[in-house]
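Structure, as structure tokens:
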Amino acid sequence: GQQVMQIPQYQHVQEGEDFTTYCNSSTTLSNIQWYKQRPGGHPVFLIQLVKSGEVKKQKRLTFQFGEAKKNSSLHITATQTTDVGTYFCAGLGNQFYFGTGTSLTVIP
Amino acid sequence: DTEVTQTPKHLVMGMTNKKSLKCEQHMGHRAMYWYKQKAKKPPELMFVYSYEKLSINESVPSRFSPECPNSSLLNLHLHALQPEDSALYLCASSQDHQYNEQFFGPGTRLTVL
């Protein structure tokens, strides 16, 4: 069946360092979305990518969708303590799945 | 109004109880979703309603029964649950049924004793 895996599972960074999470699907996706879930909170939509090779930026966040539409990445430049949370990719293949998530801890 | 509301926030129930979770949105969205999320795991899609009709049931046991009384409301009726059903139940909505940008509610934390 379809699987959407993310690496790393956990990441601890010093404030100001960069952070990247990678999302890999076993099947081709028609779109990829990214969500952030703060501890004790609910997922909040960040962005959606649809086109092969698409790159989008939101301030310090850069999102990429792979050429084969099976992988994606989220890069955060100069992390801040407000970036703490779990980042999930989510994609529509033959079903809609959330990725396994990457939990980010930012050390002040 | 860009909010999805869910009630109750917390629910404790026994295995023989019948209870309902409620979800409401007033954004005019035509797709609504139920997800189950266990601790430190991703949300798992349970049901999708599109234009008030059930369009997706991800092989969820019949002890979970969804209902969409109108375009703004979504219920999840619970009966004869098991302790392993304890989880955070999240409701979400989106403009259409194509899983585009989903707005999530705060969730109901369910404990089954």
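Name the single residue, out of those in the stretch A:1-19 being of a type outside the set (S, T, N, Q) and assigned to a loop (DSSP other than H, G, I, E, B), that is farthest from the other protein chains (Cβ to nearest Cβ).
Here the residue is A:16.
Suppose we keep only residues that are loosely packed, with under 15 Cβ neighbours inside 10 Å and within 14 Å of chain B (Cβ to nearest Cβ) within the stretch A:57-104. Which one would you say is farthest from the chain's Cα centre (by Cα)?
Going through the qualifying residues, I end up with A:94.
Residue check: is residue B:67 charged (D, E, K, R), part of a strand (DSSP E or B) and either free of Cβ contacts under 8 Å to residues at least 24 places away in the same chain or surrounded by fewer than 17 Cβ atoms within 10 Å (Cβ to Cβ) (or both)?
Against the criterion (charged (D, E, K, R), part of a strand (DSSP E or B) and either free of Cβ contacts under 8 Å to residues at least 24 places away in the same chain or surrounded by fewer than 17 Cβ atoms within 10 Å (Cβ to Cβ) (or both)), residue B:67 qualifies.
Against the conditions (1) within 29 Å of residue B:108 (Cα to Cα); (2) open to solvent by less than 60 Å² (accessible area, probe 1.4 Å), where does residue A:38 fall short? Just the number, please.
Every listed condition holds for residue A:38 apart from (2).
Can you tell me which residue in the stretch B:96-113 is farthest from the other protein chains (Cβ to nearest Cβ), limited to those that are hydrophobic (A, V, I, L, M, F, W, C) and either free of Cβ contacts under 8 Å to residues at least 60 places away in the same chain or open to solvent by less than 50 Å² (accessible area, probe 1.4 Å) (or both)?
Residue satisfying both the conditions and the ranking: B:112.
List every residue pair whose Cβ atoms sit under 7 Å apart, with the two residues 6 or more apart in sequence or on different chains, where the first one lies in the stretch B:8-32 and is in contact (Cβ under 8 Å) with a residue 60 or more places away in the chain and the second, anywhere, is acidic (Asp, Glu).
B:27/B:1; B:30/B:96; B:31/B:96
Of all residues in the stretch B:83-95, which are more than 12 Å from chain A (Cβ to nearest Cβ) and either within 17 Å of the chain's Cα centre (by Cα) or open to solvent by less than 10 Å² (accessible area, probe 1.4 Å) (or both)?
The answer is B:84, B:85, B:86, B:87.
How many residues are more than 14 Å from chain B (Cβ to nearest Cβ) and either within 20 Å of residue A:97 (Cα to Cα) or among the charged types (D, E, K, R) (or both) if we restrict to the stretch A:25-56?
Looking only at that region, the number is 6.
Among the residues of the stretch B:34-45, are any within 14 Å of chain A (Cβ to nearest Cβ), part of a loop (DSSP other than H, G, I, E, B) and crowded, with 17+ Cβ neighbours inside 10 Å?
Within the stretch B:34-45 (the criterion being within 14 Å of chain A (Cβ to nearest Cβ), part of a loop (DSSP other than H, G, I, E, B) and crowded, with 17+ Cβ neighbours inside 10 Å), the answer is yes, since at least one residue qualifies.
The values are calculated or read from the model by the stated rules, or taken from the named source; none is laboratory data. What you see is a predicted model, and the numbers here were worked out from it, not measured in a lab. All Cβ positions, glycine included, derive from the backbone under ideal geometry; neighbour counts span all protein chains shown. Calculation scope for accessible area: heavy atoms of the full protein, side chains included, ligands and nucleic acids excluded. Shrake-Rupley method; radii C 1.70, N 1.55, O 1.52, S 1.80 Å.
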